[in-house]
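One structure is given below, encoded as C-alpha cells.
The values are calculated or read from the model by the stated rules, or taken from the named source; none is laboratory data. Keep in mind that this is a model prediction, so the values were computed, not measured. A quick note on method: Cβ atoms are made from the backbone with ideal geometry, for glycine too, and the neighbour counts reach across all protein chains shown. The accessibility values were calculated without ligands, DNA or RNA, using every heavy atom of the protein model including side chains. Shrake-Rupley method; radii C 1.70, N 1.55, O 1.52, S 1.80 Å.
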Amino acid sequence: MISRSPRSSEPTAAEAGAWADVLVRRRLLHAAVLAPTGQWLVQDRPDGPVRVLPGPADVVALAATIQHHTRTMRPEIR
C-alpha cells in the first residue's frame with residue numbers, strides 16, 4: 001500500500017462540495033447539503049436520520065471512510 005503524506009492545508013468548502021456531489025451521484029449518500037452556517041447536513045438513506053457535520057474536513061473524512069469501506073468490502077479483481 002502506498003503511504004500518503006499528510007495534507008498541508010485544511011479541505012475547502014469547494015473540495016467538500018465536490019466530494020459530497022460524487023457521493024450522492026454514486027448513491028453512496030442520499031443527500032449532502034451545505035448549510036448557511038458552514039455545516040453539512042448528510043443523510044445516508046431517504047428514511048434515515050440527518051447528521052450534522054461541522055465543516056469541510058468532516059465531509060472529506062466521511063468520503064475517505066466510505067471509500068475505504070467500499071474498497072475493503074468488494075472482492076479483489078486482478
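For first residues located in region 65-78 and of a type outside the set (Lys, Arg), partners that are modelled with pLDDT of 90 or more and part of a helix (DSSP H, G or I) and lie 6+ apart or on another chain with Cβ distances below 7 Å form the pairs 66/23.
In region 11-37, which residues are open to solvent by 30 Å² or more (accessible area, probe 1.4 Å) and assigned to a loop (DSSP other than H, G, I, E, B)? Passing the criteria: 12, 26, 27, 28, 30, 36, 37.
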